[in-house]
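The values are calculated or read from the model by the stated rules, or taken from the named source; none is laboratory data. Keep in mind it's a predicted model, so treat the numbers as computed, not measured. Cβ atoms come from the backbone with ideal geometry, glycine included; neighbour counts cover every protein chain shown. The protein model used for the area step is the full one, side chains on, heavy atoms only, and it has no ligands, DNA or RNA in it. Shrake-Rupley method; radii C 1.70, N 1.55, O 1.52, S 1.80 Å.
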Amino acid sequence: MTALEHSDSIVIAASPDAVYALVSDVTRTGEWSPICQECWWNDGGSADVVGSTFTGRNVTADRTWETVSTVAVAIPGTEFAWLVGDSFVRWEYTLEAIDENSTQLTESWLFTEQGIEYFHTKFGDRAQEEIEIRRTAALDGIPRTLAAIKAIVES
């Protein structure tokens, strides 16, 4: 089993700190994500504390489900990352200043080897089909998410 990954980038006319302030505010995720409709912090957690957890409510045409994620990296203006479930998937935003008023924002998705193994245990013969659904969602969702974040920050 090999991890699956995908990333894409966009340039936003704003400072890395301004972009980071938005993407690290998980309570706003529903404004830009095509699948994750809502997130909330658990037990007083916050974006600036590695180890804080939040719950996300995801909605597709086929189902609605919730996941618990843990903040893995929180470096203002540079990187915000979280792990879904028991380190099954890693989502990450990295920010690179192009100049004082422009930022390259990269969103990355990594479906870990642990996640793939978990899916094989959970879904058995349907595991590859379920994994492909998640891969397709990431390939489609990342550019849409980045475009929506850009529109929000630049408005």
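General remarks:
- Filter result for THR55 (open to solvent by less than 20 Å² (accessible area, probe 1.4 Å) and either of a type outside the set (Asp, Glu) or touching a residue at least 24 places away in the same chain (Cβ under 8 Å) (or both)): yes
- Residues of the range 34-47 satisfying the condition of being open to solvent by less than 30 Å² (accessible area, probe 1.4 Å) and over 23 Å from GLN114 (Cβ atoms): ALA47
- Every pair of residues 6+ apart whose Cβ atoms lie under 6 Å, when the first sits in the range 1-20 and is within 15 Å of TYR93 (Cβ to Cβ) while the second is assigned to a loop (DSSP other than H, G, I, E, B): PRO16/GLY77; ASP17/GLY77; TYR20/PRO76; TYR20/GLY77
- When residues in the range 1-24 are screened for being outside any strand (DSSP E or B), among the polar types (S, T, N, Q) and farther than 19 Å from SER69 by Cα, 2 of them pass.
- Criterion applied to THR145, THR121, THR94, THR106 was being outside any loop (DSSP other than H, G, I, E, B), among the hydroxyl-bearing types (Ser, Thr, Tyr) and more than 20 Å from ALA13 (Cβ to Cβ), and the one residue passing it is THR121.
- Selection count where residues are closer than 20 Å to SER33 by Cβ and loosely packed, with under 13 Cβ neighbours inside 10 Å, scope the range 98-129: 0
- Qualifying residue in the range 129-136 (condition: within 15 Å of the chain's Cα centre (by Cα) and aliphatic (A, V, I, L, M)): no
- Test result for THR27, of a type outside the set (Lys, Arg) and either open to solvent by less than 20 Å² (accessible area, probe 1.4 Å) or assigned to a strand (DSSP E or B) (or both): no
- Number of residues in the range 64-91 that are open to solvent by 30 Å² or more (accessible area, probe 1.4 Å), not aromatic (Phe, Trp, Tyr) and not in a strand (DSSP E or B): the value is 5.
- With respect to the conditions (1) closer than 20 Å to ARG144 by Cα; (2) not in a helix (DSSP H, G or I), ASP43 falls short on a single one, namely (1).
- Residue match in the range 118-133 (condition: touching a residue at least 40 places away in the same chain (Cβ under 8 Å), out of contact with any Asp or Glu (no Cβ under 6 Å at 6 or more places or on another chain) and basic (Lys, Arg)): no
- In the condition set (1) open to solvent by 20 Å² or more (accessible area, probe 1.4 Å); (2) part of a helix (DSSP H, G or I), VAL50 is compliant with all but (2).
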